[in-house]
Amino acid sequence: MEHRHLLPDEIDQLLDGEAGFGVAPLQAHVDACPACRAELAEARQVVSALERLPHLAPFPLFADRVMAQVQVFEPWHVTALDSIKRWVPASRSARLVGIGATSVFALLISVAAVWTAVRLDAFLFFFDLAGQRARAALFDAVGSAIANTFGDAAVDALRTGGMPAVVGITGFLALVVLAAVGLRAVLATARRRRT
Amino acid sequence: MAPSLDLANLPDADVVTLAQQGREAAFRELLRRYERPVFSLIFRMVRDREISEDLAQDTFIKVLNHIDKYRPEFKLSSWLFKIANNVAIDHLRKRQLDTISIDGSPHAASAAEVEATSFDLAARQESALDEMEARELGSAIERAIARLRPEYRSCIMLRHVEGRSYEEIAATLDLPLGTVKTYIHRARHELREALEHVKGPGQRLP
């Protein structure tokens, strides 16, 4: 080592700051040899100049332009989970209060369900009665509307067989409207979350 | 209400997981972290701001649209640099573009375009003198880098600008470790020779 200058690979080893058994003699040689010391110093200057090179920035709207071409798909379970998480309070005390309130509510619902099961006959009777009255009221309202629009003959024709179909179609349309409103609400929530 | 996630403090792997769940904020965070390193690597490979922006854009679109295929055992930055290097090399092969214009795009047709496509090397300097010296050296080293072979360029950039280890560079560029070491050694040697002309006799680099 004392009789020759460092090889390029050895200069690289020192330049990369490698540690190990073989590096100590190299460093000792550099300390003793002005030519190799100068060689290493020059190499270090180049590395230092490289390391000072700045990162360059693309134009300011670069990220927006990229995102315009990236397909972001949020799976339904992530949306659902996030919707639930948004209702979970942040602080521990608020969470405890929330858990307590939910437990009380669940208990009340359970008691109500048991009580309802015990009193099922009475409930069925009242439901049946309420159903009959609602049906009669609906028939009267629809009948009046049809009578006003198409005349009494149309009402008679429907009573002989068409009224169940009318009620079925009305119910179906109501369900479709409700489903559309619900879907719109879900989409609006997803849009708000993305922004 | 639950607090929103502080993405800036999460490691890459966690941000990628959130991106895989379809969170746009996670995609933007990855862009924020890597737009400059990726753009810088590509710019120093192709030497044209407009083309570099297009290639950097292609890189991110490829990576972010296939984020579900990301393998956690591979560093995200390595994946990004790999794609960035590939698009830059492909472009260079197509165009055989190996000239440099540190002061602006070689495709600029007017003084205004030259100004618009130039970049500020001395943005971090404190005084006018420092700025001038840094610009001189910066320009010299940028020109020297531009004269390197493209494969040397990407290796030396990843090693000394991005601070990657030899092993990471080998994995990123799909090259044998020995080849990476050789490329970096030759690149350093060529840069030293090129910068000899910038320094006066016996002078040191600033």
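The values are calculated or read from the model by the stated rules, or taken from the named source; none is laboratory data. All values derive from a computational prediction rather than experimental measurement. Neighbour counts run over all protein chains shown; Cβ positions are idealised from the backbone, glycine included.
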B:Ser139 vs (1) within 14 Å of another protein chain (Cβ to nearest Cβ); (2) at pLDDT below 90; (3) closer than 21 Å to A:Val66 by Cβ: all pass except (3)
Among residues of the range B:156-169 being over 16 Å from B:Ala194 (Cβ atoms) and hydrophobic (A, V, I, L, M, F, W, C), the residue nearest to the other protein chains (Cβ to nearest Cβ) is B:Val161
Within the range A:126-153, residues being within 17 Å of A:Gly171 (Cα to Cα) and among the charged types (D, E, K, R) number 2
Take B:Thr117 and tell me if it is crowded, with 17+ Cβ neighbours inside 10 Å, modelled with pLDDT of 80 or more and of a type in the set (Ser, Thr, Tyr). no
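Quickly run through the range A:10-35 and pick out the residues that are away from every other protein chain (no Cβ under 13 Å) and of a type in the set (A, V, I, L, M, F, W, C).
Of everything in the range A:10-35, those that are away from every other protein chain (no Cβ under 13 Å) and of a type in the set (A, V, I, L, M, F, W, C) turn out to be A:Ala19, A:Phe21, A:Val23, A:Ala24, A:Leu26, A:Ala28, A:Val30, A:Ala32, A:Cys33, A:Ala35.
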All-but-one check, A:Ala38 against (1) at the interface with chain B (Cβ under 9 Å from one of its Cβ atoms); (2) assigned to a helix (DSSP H, G or I), failing number (1)
Note on the range A:41-52: residues out of contact with any His (no Cβ under 8 Å at 6 or more places or on another chain) and either at the interface with chain B (Cβ under 7 Å from one of its Cβ atoms) or not small (Gly, Ala, Ser) (or both) are A:Glu42, A:Ala43, A:Arg44, A:Gln45, A:Val46, A:Ala49, A:Arg52
* **So B:Glu190, is it more than 9 Å from every other protein chain (Cβ to nearest Cβ) and at pLDDT 90 or above** => yes
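Only one of A:Ala190, A:Ala106, A:Ala145 is in contact (Cβ under 8 Å) with a residue 12 or more places away in the chain, surrounded by 10 or more Cβ atoms within 10 Å (Cβ to Cβ) and either more than 30 Å from A:Trp76 (Cα to Cα) or not aromatic (Phe, Trp, Tyr) (or both). Can you tell me which? Before the answer, list the steps.
On the way: A:Ala106 fails: in contact (Cβ under 8 Å) with a residue 12 or more places away in the chain; A:Ala145 fails: in contact (Cβ under 8 Å) with a residue 12 or more places away in the chain.
Sole residue among the options that is in contact (Cβ under 8 Å) with a residue 12 or more places away in the chain, surrounded by 10 or more Cβ atoms within 10 Å (Cβ to Cβ) and either more than 30 Å from A:Trp76 (Cα to Cα) or not aromatic (Phe, Trp, Tyr) (or both): A:Ala190.
Taking the range B:42-87 as the search range and keeping residues that are assigned to a helix (DSSP H, G or I) and more than 14 Å from chain A (Cβ to nearest Cβ), which one is surrounded by the most Cβ atoms within 10 Å (Cβ to Cβ)? I'd like the intermediate steps shown before the answer.
Looking only at the range B:42-87, we keep the residues that are assigned to a helix (DSSP H, G or I), and these are B:42-46, B:49-65, B:67-69, B:76-87.
This time we only want the ones that are more than 14 Å from chain A (Cβ to nearest Cβ), so: B:76, B:78-79, B:82, B:85-86.
Numbers: B:Leu76: 21, B:Ser78: 17, B:Trp79: 20, B:Lys82: 18, B:Asn85: 26, B:Asn86: 16.
Residue satisfying both the conditions and the ranking: B:Asn85.
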Considering only the range A:128-142, I want to know if a residue exists there that is modelled with pLDDT under 90, charged (D, E, K, R) and farther than 30 Å from A:Thr79 by Cα.
yes
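Being surrounded by 10 or more Cβ atoms within 10 Å (Cβ to Cβ), of a type in the set (D, E, K, R) and away from every other protein chain (no Cβ under 13 Å) narrows it down to one of A:Arg133, A:Arg86, A:Arg95, so name that one. Even if it seems obvious, please write down each step before you answer.
Working: A:Arg86 fails: away from every other protein chain (no Cβ under 13 Å); A:Arg95 fails: away from every other protein chain (no Cβ under 13 Å).
The match here is A:Arg133.
With the condition being over 23 Å from the mean Cα position of the chain (by Cα), I'd like the helices (runs of 4 or more DSSP H) fully within the range A:46-127 carrying at least 3 qualifying residues.
On the way: elements: A:62-67, A:76-86, A:92-118.
Once the helices (runs of 4 or more DSSP H) in the range A:46-127 are filtered for at least 3 residues that are over 23 Å from the mean Cα position of the chain (by Cα), what remains is A:92-118.
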